1. Taking only the stretch 202-245 into account, find how many residues are free of Cβ contacts under 8 Å to residues at least 12 places away in the same chain and within 20 Å of residue 178 (Cα to Cα).
2. Against the definition (touching a strand residue (DSSP E or B) at 6+ places or on another chain (Cβ under 6 Å) and hydrophobic (A, V, I, L, M, F, W, C)), how does residue 126 come out, yes or no?
3. Considering only the stretch 219-236, I want to know if a residue exists there that is open to solvent by 40 Å² or more (accessible area, probe 1.4 Å), assigned to a helix (DSSP H, G or I) and modelled with pLDDT under 90.
4. Hey, among the residues in the stretch 60-104 that are without any contact (Cβ under 8 Å) to a residue 24 or more places away in the chain, of a type in the set (Asp, Glu) and within 18 Å of residue 45 (Cβ to Cβ), which one's surrounded by the most Cβ atoms within 10 Å (Cβ to Cβ)?
5. What number of residues within the stretch 184-215 satisfy the criterion of being more than 20 Å from the chain's Cα centre (by Cα), small (Gly, Ala, Ser) and surrounded by 11 or more Cβ atoms within 10 Å (Cβ to Cβ)?
6. Looking at 181, 152 in this structure, which one is among the β-branched types (Val, Ile, Thr) and surrounded by 15 or more Cβ atoms within 10 Å (Cβ to Cβ)?
7. Residue check, residue 150 against (1) under 20 Å from residue 11 (Cα atoms); (2) at pLDDT below 90, all met but one. Which one?
Amino acid sequence: SYADGRALCDIDVEFSIERRHEVKEYIDAKYPSRSAKISNITALTGKTALKEVLKCFLEWNDEDAKKVSDLIEVHFGKADKLDEVSEKSADYKAWVAEHPSHLEAHNKALALQGLVTHKGVHASGLFLSYAPLDETLPTELTTDKEGEVHLTTAYDMDTVAELGVKADVRSLKTLDVREETCRLAGIKSDDIDINHPSIYDYIGRTRLYYGCFQIETGLAGDATFKAKPRDIEQLSACLAIARPG
């Protein structure tokens, strides 16, 4: 049997930023030689490839190149592929047919689409293996944006999900703010009634959700304001309905 890594479930856990190092130390101790950071592989989309081809090959300025590349739509954060765009977009199809150089630019961008530009370390992704890592997949040393060196999987997150467990260990400033607020108020966060009417009265009459995880900005916040949830289960549903999938 075979399963696509993108369709498999993973584990999402959120921790305090201040105590994230403790979580990593715990995982390293509990799963020795069985955990690694996940590589983040960046590739050229058709949209980006076309824009670069127009600028480098046809020597267009950035503004004109952007006008054409903007004909390629983005759905759920992913740009349409060039071969699909040329079929379903009348405006893009007309642009390609307008001049031989446009067709040549399209073909060059099509050839570059999917080319890996660089690799890095996934911000929160962690791979957990049942067997030792050297029996499961290739690994490598990768330097992150802060200059810290990590043992990482040579495969991306979709591939490693087929070989073990992919976990997102994310650190949230929101949790640090919550704990500090409770400390100053002299209460414990566990004592807060998450279904208290005052919480949902506030959510229902304002769109100012500053500091509220996942509803602070964007579609989930808009959905929450329109639905006006009355308890934690309804609030959870507002977040779920706004997810890209």
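1. 6
2. Details: touching a strand residue (DSSP E or B) at 6+ places or on another chain (Cβ under 6 Å): yes; hydrophobic (A, V, I, L, M, F, W, C): yes.
Taking the combined requirement at face value, the residue satisfies it.
3. Let us first name the residues in the stretch 219-236 that are open to solvent by 40 Å² or more (accessible area, probe 1.4 Å), namely 219, 222, 225-228, 230-234, 236.
Checking the rest, the ones that are also assigned to a helix (DSSP H, G or I) come to 219, 222, 225-227, 232-234, 236.
Cutting the leftovers down to modelled with pLDDT under 90 gives us 219.
Yes - at least one qualifying residue is present in the stretch 219-236.
4. Checked the stretch 60-104; the qualifying residue surrounded by the most Cβ atoms within 10 Å (Cβ to Cβ) is 73.
5. Initially, the stretch 184-215 is screened for residues more than 20 Å from the chain's Cα centre (by Cα), giving 184-210.
Remaining after also requiring small (Gly, Ala, Ser): 185-186, 189, 198, 204.
Cutting the leftovers down to surrounded by 11 or more Cβ atoms within 10 Å (Cβ to Cβ) gives us 189, 204.
Count: 2.
6. Numbers: 181 fails: surrounded by 15 or more Cβ atoms within 10 Å (Cβ to Cβ).
The match here is 152.
7. Condition not satisfied by residue 150: (1).
For every residue, the table says whether it meets (1) in a loop (DSSP other than H, G, I, E, B); (2) more than 30 Å from residue 166 (Cα to Cα).
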{"residue": "13", "(1), (2)": "no, no"}
{"residue": "24", "(1), (2)": "no, no"}
{"residue": "28", "(1), (2)": "no, no"}
{"residue": "39", "(1), (2)": "no, no"}
{"residue": "42", "(1), (2)": "no, no"}
{"residue": "54", "(1), (2)": "no, yes"}
{"residue": "59", "(1), (2)": "yes, yes"}
{"residue": "63", "(1), (2)": "no, yes"}
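The values are calculated or read from the model by the stated rules, or taken from the named source; none is laboratory data. Remember, predicted model here, so these are calculated numbers, not experimental data. Here Cβ is always computed from backbone atoms with ideal geometry, including for glycine, and neighbour counts include all displayed protein chains. Surface accessibility is based on the protein's heavy atoms, side chains included, excluding ligands, DNA and RNA. Shrake-Rupley method; radii C 1.70, N 1.55, O 1.52, S 1.80 Å.
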